[in-house]
């Protein structure tokens with residue numbers, strides 16, 4: 001069956017104004033750095049945690065090794081929301097920005113898909129709240145698939161536009177990990193915040209999403225979890241299990257190959273045909289694991305972990321935005337996007353890039369230039 005071409009018409013990203021560098025932690029919490037090897041980040045991402053049998057080296061552990069001596073595990077900066085910031089307000093700003101870039105108004109949107117990880121309140125998600133703030137008249141759905149929420153929403157949006165049920169679908173994803181990370185635990189080094197938006201609609205012939213493969217990640221359940229801490233009974237924090245590193249070793253390569261090869265088969269292309277690859281990068285070495293596994297030149301991807309930390313489901317939006325901004329992606333290029341979400345889904349989508357409009361550029365990093373190709377390992 002031949003479907004009409006549908007894909008991304010515009011992208012916008014928004015980040016909080018506060019850029020927290022590693023010097024912030026050196027100045028404000030030197031005790032935590034001194035004890036870093038006994039805390040979560042080191043327990044989850046160490047040779048012992050990742051590879052129980054060091055006689056059998058694996059790609060994950062090999063690529064992690066340059067970062068083992070770094071208490072920050074390669075993250076250099078992260079954007080964090082201020083106490084007075086609202087996830088809903090940041091989502092609203094991003095929605096207006098992407099609609100402006102697409103030269104549309106809220107009245108043109110007939111469906112909005114929203115992921116808030118996490119919203120300003122426990123339940124429900126932000127979809128209806130954001131719809132009211134924007135003045136939307138159409139449907140507004142909450143979508144939750146942890147770090148793969150953006151791709152799940154993209155697949156849903158494309159399918160609904162292709163079948164003619166909707167014309168213009170607005171996708172919003174927000175990540176506010178810093179509010180749910182214990183400030184006295186090293187997982188805070190990794191946790192960043194950010195918001196992304198796609199406007200999905202019909203495109204020119206042969207452009208847009210060509211193939212998608214999404215699988216569940218039940219094997220990862222429990223690797224990360226939430227708990228209320230006794231010291232602050234009203235505060236929920238994200239925690240990592242001690243064997244989280246082994247989970248990455250056991251699943252990363254397998255999920256990556258399954259999804260990327262499946263998306264390529266559906267799109268009718270070879271991975272060798274792909275011009276640019278976008279991987280979510282929850283750790284500084286994740287993109288290298290992906291490029292080695294798929295046999296890809298590292299120049300054909302972008303690693304934003306040193307810039308933003310782990311921004312979860314916002315990564316596909318930020319990666320695509322910055323790749324286009326840096327002119328690493330051009331019209332009619334074949335682009336592969338891959339994400340893996342813990343306790344949810346992993347997925348890949350292959351698209352032929354169209355005339356994608358970009359929203360307002362975020363504030364540049366403080367420590368280095370975007371696109372800088374270095375192993376960014378800091379020292380205490």
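Helical content alone sets the calculated 222 nm signal of the chain at -8500 deg cm²/dmol, taking -39,500 (n - 2.57) per DSSP H segment of four or more residues and averaging over every residue.
Taken along its principal axes, the alpha carbon cloud of the chain reaches lengths of 56, 46, 37 Å, longest axis first.
Here the spin labels are modelled as points 7 Å beyond Cα on the Cα-Cβ line, and at residue 331 and residue 368 they lie 3.4 nm apart. Counting neighbouring beta carbons within 10 Å and listing from fewest to most, the residues 247, 236, 112 come out as 236, 247, 112. Summarised in one figure, the compactness ratio Rg/Rh of region 245-356, Cα atoms and Kirkwood Rh, is 0.93. Starting from the coordinates of the alpha-carbon atoms of region 139-237, obtain the Kirkwood hydrodynamic radius over all distinct pairs and give the value in Å to one decimal. For region 139-237, the Kirkwood estimate is 16.4 Å. Based on C-alpha pairs under 8 angstrom that are at least 6 apart in sequence, the chain has a relative contact order of 28 percent. Translational diffusion of region 183-305, estimated by Stokes-Einstein from the Kirkwood radius over alpha carbon pairs at 37 °C in a medium of 0.692 mPa s, is 189 µm² per second. Helix 244-267 versus the longest principal axis of the chain: what is the Cα-based angle in degrees, 0 to 90, to the nearest 10? Rounded to the nearest ten degrees, it is 20. When the alpha carbon coordinates of region 62-173 are projected onto the principal axes, the ranges are 53, 35, 29 Å, largest first. Taking the longest Cα principal axis of the chain as reference, the axis of helix 87-101 is set at about 40 degrees.
Each of 121, 322 was scored by other Cβ atoms within 10 Å of its Cβ. Listed from fewest to most, they are 121, 322. Exposure proxy for 363, 9: other Cβ atoms within 10 Å of each Cβ, ordered fewest to most, give 363, 9. Relative to the dominant Cα principal axis of the chain, helix 315-325 is inclined by about 70°.
Taking every alpha-carbon pair in region 116-183 and binning the separations at 10 Å intervals from zero gives 18, 46, 28, 6, 1 percent.
Distance between the modelled labels on residue 27 and residue 265, one decimal in nanometres: 5.4 nm (7 Å Cα→Cβ projection).
Could you grab the Rg to Rh ratio for region 1-126? Cα atoms only, Kirkwood for Rh.
Here Rg/Rh amounts to 1.11.
Taken together, the values in this text are just the output of simple stated rules run on the coordinates, not laboratory data. What you are looking at is a predicted structure, and each value in this text was computed from that prediction instead of being measured. A quick note on method: Cβ atoms are made from the backbone with ideal geometry, for glycine too, and the neighbour counts reach across all protein chains shown.
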